[in-house]
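I have placed the structure first, in the form of structure tokens, so that the comments after it can refer back to it.
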Number of protein chains: 2
Amino acid sequence: MTIKYPNGKKYVTDTKTRTTRQPPLQDSYSNRGMTLEEDLNDTNTFYLERGLAVIHKKPTPVQIVQVDYPRRSAAVIKEAYFKQASTTDYNGVYRGKYVDFEAKETKNATAFPLKNFHRHQITHMKNVEKQKGISFVIIRFTTTGEVFYLPASRLFEYWDRMENGGRKSITKAEIESSGFSIQTGLHPRIPYLSVIDQLYF
Amino acid sequence: MTIKYPNGKKYVTDTKTRTTRQPPLQDSYSNRGMTLEEDLNDTNTFYLERGLAVIHKKPTPVQIVQVDYPRRSAAVIKEAYFKQASTTDYNGVYRGKYVDFEAKETKNATAFPLKNFHRHQITHMKNVEKQKGISFVIIRFTTTGEVFYLPASRLFEYWDRMENGGRKSITKAEIESSGFSIQTGLHPRIPYLSVIDQLYF
């Protein structure tokens, strides 16, 4: 397994620079969350290769309108549109249990805006909870690089508070008290299974 | 719930004609499996609405190459390509357990060709089994409309037989003896949870 990480240098550099450089992903919505996504994909590959869990990011949902079939070559999609996801981005299996989560990062240093979620996703997470799946969100504050595991049941409380006219975000203090801090590292970068171990096994 | 199915007519017609009309999806690769996919999506919606299970089809994986951002309107994907799926198409949660499957139909009346699966998918199913997920395939013979649930563990036997130089398909008789016949219906159309109940609960 070490063959895949001959020196670890890339990861060290990456981690070191993250907290000092300009907050990434400043104005493009489509890029938002890119770095967290990379870290999670790397984490999931780590878990998969070691036989610890099988968790994948779902493909981006796309509405395909026009496809060309040039002779002797692959079909080319010529017109398509991004669709809003009706579920969360990540799911899979860990020790027989169903695991399902969404990952979001924010530039906001003091609170996490709830507009990062769509109502469909909340509904999906509630359905997963009812089926006794393990449902949560991973939140990163990009200014400090801090990563939290927030159980879906706690997210619902803040979501319902908003729906009842309350604040439209979760304060960082609330996330610190109702969530679990994930110590980021190199292998894996975001070891979220350790929180699942703590909560479910 | 009955509001969604005011007369059931569409379904009755659909089922009646399926066995008598020309086998559908004759030459277009991209259309192959379309009808089975519709039936499974309908089944999954049925299960979801009744709170019985949360199982979704994953979006088709697409490699996006070029995106235009016209002013004041949605981003348009102008060039993209279909990617080979590295996992199966369907997954989700049922009574806490992870459920993962692939669905395929064949025009072949006597055997199911194994070329319908990619090696990546077999690897994925083996990984899921190791994590104690519920892994299987749903196979439909379009000429008769018969649908079978074949546990992944049995599929692996036939796959390995092929890899060892044996036949490149599973005979229908083998599927009948190592799989489980699913009695198709109207609500839901393909009640595969009943097989899971039988095998796991």
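Quick look at the numbers
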{"item": "Nearest-first distances (nm) between copies at residue A:60, label 7 Å from Cα via Cβ", "result": "1.6"}
{"item": "Amide H contacts under 5 Å for residue A:182, placed H, 5+ residues apart", "result": "A:147, A:148, A:149"}
{"item": "Calculated FRET value between residue A:132 and residue B:107, using beta carbons and R₀ = 45 Å, to 0.05", "result": "0.70"}
{"item": "Expected-Rg normalisation [2.2 N^0.38 Å, Cα atoms] applied to region A:94-201", "result": "1.04"}
{"item": "Pseudo-label separations to other copies for residue A:176 - Cα-to-Cβ vector, 7 Å, nm", "result": "6.8"}
{"item": "Among the listed pairs B:83/B:168; A:58/B:172; A:97/B:57, those beyond 30 Å (Cα-Cα)", "result": "A:58/B:172"}
{"item": "Distances in nm from residue B:200 to the matching label points in the other copies, shortest first (labels 7 Å along Cα to Cβ)", "result": "1.3"}
{"item": "Whether region A:56-148 is rounded, prolate or oblate, judged on the alpha carbon gyration tensor where a/c under 1.5 counts as rounded", "result": "prolate"}
{"item": "Residue mean of other protein chain beta carbons inside 10 Å, B:71-81", "result": "5"}
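Readers should treat all values here as calculations from the given coordinates under stated rules, not as data from a laboratory. Note that the coordinates shown come from a computational prediction; the quantities given were computed from them, not determined experimentally. Cβ atoms come from the backbone with ideal geometry, glycine included; neighbour counts cover every protein chain shown.
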